[in-house]
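Student: Structure provided below as structure tokens; questions to follow.
The values are calculated or read from the model by the stated rules, or taken from the named source; none is laboratory data. Treat the numbers as computed from the prediction; the structure is a model and nothing was measured. Please note: Cβ atoms are built from the backbone with ideal geometry, for glycine as well, and neighbour counts cover all protein chains shown.
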Amino acid sequence: MKGAFTLFKKEVLRFWKVAFQTVCAPVLTAVMYLLVFGHTLEDHVKVYETVGYTQFLIPGLVMMSVLQNAFANSSSSLIQSKITGNLVFLLLTPLSPAAWFVAYVGAAVVRGLAVGAGVLAVTVWFAPPGLDNLLWVLAFTVLGAGLMGTLGLIAGLWAEKFDQLAAFQNFIIMPMTFLSGVFYSVHSLPSFWLGVSHLNPFFYMIDGFRRGFFGVSDVSPWLSFAVVSVSFAVAAGLALSLLKRGYKIRS
Amino acid sequence: MPNSAASPAISFENVKKTYRGGQLKALDGVSFDIQPGEFFGLLGPNGAGKTTLISVLAGLTKATEGRVRVMGHDVVDDYAAARKALGVVPQELVFDPFFSVRESLRIQSGYFGVHGNDDWIDELLHNLGLTDKANANMRQLSGGMKRRVLVAQALVHRPPVIVLDEPTAGVDVELRQTLWQFIARLNKEGHTVLLTTHYLEEAEALCQRIGMLKAGRIVALDRTSQLLAGTASTMLRFKTDAALPPEIAARARVTGRIVQVTAHDAHEVETTLAELRAKGVPVEDLEIGRADLEDVFLEIMQGEAA
């Protein structure tokens, strides 16, 4: 596993060397969301009886940042290496598909956690959300970031140009994240859209994560945990299979 | 279990690679071995299949048929051991823009599970003239310097088999000399070297054995000295403005006014000169010399074309 650890370390260093872009910028974006939505909706939207809107919004923004940045890390690293050609340095090594998977997804989780911690550290002062169950918070953060890092790995393998990756990110990941209940409770939606939301795995990641802060959620955290775990297992199986086949990286 | 000590360093066994459902044959049944400690040259025109063959060897491309082994390890079934034994300098000038030279070498070394080898990294940097660039970012290096780093990256895990895919394409004389001195030293120390190059004088000077590829097939495979002796061994060089007789033109290489004609022996030299005189072809600055690998290469390739 020494080789896998080197790749993991390299992937962490890769984003850390440009932390202004990969960590600080997403934190600032999340703060902007909080200021705009929190200020305009605080007095108009009540999601849970004991929780103010800004408080409700903070865990959603933290989790959204974790998920988007975990996806961005593995996908952008792979597509850059493919397009610039330096992926050859990895392809020549004895690293196994499992080692690639652990390293890329592990680094994606680290970036997700770094950005999430940054967003929480800055936004928590606006309206402290409290902490009901740290284990749920950690479980959904790591599992959600792992799932998104894995999807990023799949997207990075599949995409042959930046445009395709941007399409994946903007037309699939971004809508699913925004429509997962970051800014609202899905129970405020009409029944049709409530049903649609329950088909979105991102909803379970955010709802379960929020449960860790408030002790209340739209669905049982165990259901959320099961959905996210199964989604991760399916995505991991697909990613490992693609890596083993050398999909679009070995001709 | 492979027995590395008794195995060829590299073994190609009926390697085929086809594209477009078999319509395009990049490799068409290539078979040969390279023994441990050999300096082997793989030559061929553009599109002959050299890089494809090296890609199959390195695991970058999957062969359609056949087997390839490195130190007895199959490159598919036992890929980890095969790749550990192999150091490949790729043809394209690629680099990771996030890291310095030393970081790149440490990372590449770590991929192979080799850590704490800064002494060897320092030696590589010294031998490739990179010591003062060790902490420079890869983006700041010139093309020649980046090429040196590629060589260092291939050697950083101390592989017994080194593959150089056109390592001196577009680089200056100084790098060529530095590189060949270092690679020759590694070869003397027991490393096996497989070189592809379009600079045939380099191959002639360095390689003990040569294989020539054309259209995905091996068309010549012998010791360099045997190849030079076995084909046209004499070369007539002269200048002329006149048109050559068709029989001579067929075996001549013409560059502007300079004509080079191959001959197998003294008798053929005499008859060639006699024919030129008989046809009234004026000859200036006549030289008679030994044929070099380039002449051999062209003769073999032209022979295959016919």
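Student: Return the residues of the stretch B:252-306 that are in contact with a strand residue (DSSP E or B) (Cβ under 8 Å, 6 or more places away or on another chain) and basic (K, R); say none if nothing qualifies.
Tutor: Of everything in the stretch B:252-306, those that are in contact with a strand residue (DSSP E or B) (Cβ under 8 Å, 6 or more places away or on another chain) and basic (K, R) turn out to be B:R253, B:R257, B:R290.
Student: Does the stretch B:83-102 hold any residues that are facing chain A (nearest Cβ under 8 Å), more than 19 Å from B:I183 (Cα to Cα) and buried (at least 18 other Cβ atoms within 10 Å of the Cβ), and which are they?
Tutor: B:R83, B:F95, B:D96, B:F98, B:F99
Student: Quick one: is B:L213 more than 9 Å from the chain's Cα centre (by Cα), farther than 20 Å from B:R223 by Cβ and surrounded by 22 or more Cβ atoms within 10 Å (Cβ to Cβ)?
Tutor: Here the answer is no, as B:L213 does not meet what is asked.
Student: Turning to a different aspect of this structure: Only one of (1) on the phi > 0 side of the Ramachandran plot; (2) at pLDDT below 85 is not met by B:T224, so which one is it?
Tutor: Answer for B:T224: the failing condition is (1).
Student: Turning to a different aspect of this structure: If the requirement is being touching a Gly at 6+ places or on another chain (Cβ under 7 Å) and crowded, with 19+ Cβ neighbours inside 10 Å, which of these qualifies: B:V68, B:V15?
Tutor: B:V15
Student: Among the residues of the stretch A:35-45, is any under 30 Å from A:S81 (Cα atoms) and either touching a residue at least 60 places away in the same chain (Cβ under 8 Å) or within 14 Å of another protein chain (Cβ to nearest Cβ) (or both)?
Tutor: no
Student: Here is a follow-up. Among B:D285, B:D295, B:D222, B:D265, which is among the acidic types (D, E) and assigned by TED's automatic domain parsing to the domain that holds B:K50?
Tutor: B:D222
A quick yes/no check of all residues on (1) in contact (Cβ under 8 Å) with a residue 12 or more places away in the chain; (2) part of a helix (DSSP H, G or I); (3) within 14 Å of chain A (Cβ to nearest Cβ); (4) not aromatic (F, W, Y):
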{"residue": "B:I54", "(1), (2), (3), (4)": "yes, yes, yes, yes"}
{"residue": "B:S104", "(1), (2), (3), (4)": "yes, yes, yes, yes"}
{"residue": "B:I107", "(1), (2), (3), (4)": "no, yes, yes, yes"}
{"residue": "B:G116", "(1), (2), (3), (4)": "no, no, yes, yes"}
{"residue": "B:L150", "(1), (2), (3), (4)": "yes, yes, yes, yes"}
{"residue": "B:A154", "(1), (2), (3), (4)": "yes, yes, yes, yes"}
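Student: When you go through B:F98, B:F40 one by one, which is the residue that is assigned by TED's automatic domain parsing to the domain that holds B:T196, aromatic (F, W, Y) and either assigned to a loop (DSSP other than H, G, I, E, B) or over 17 Å from the mean Cα position of the chain (by Cα) (or both)?
Tutor: The match here is B:F98.
Student: Still on this structure, please answer the following. Can you tell me which of (1) over 13 Å from B:L164 (Cα atoms); (2) within 14 Å of chain A (Cβ to nearest Cβ); (3) out of contact with any strand residue (DSSP E or B) (no Cβ under 7 Å at 6 or more places or on another chain); (4) among the small types (G, A, S) is the one B:G72 doesn't meet?
Tutor: The single condition B:G72 does not satisfy is (2).
Student: Given A:V115, A:V142, which one is crowded, with 24+ Cβ neighbours inside 10 Å, among the β-branched types (V, I, T) and within 21 Å of the chain's Cα centre (by Cα)?
Tutor: A:V115
Student: Also: Applying the selection to the stretch A:186-245, what residues are basic (K, R) and crowded, with 16+ Cβ neighbours inside 10 Å?
Tutor: The answer is A:R210, A:R211.
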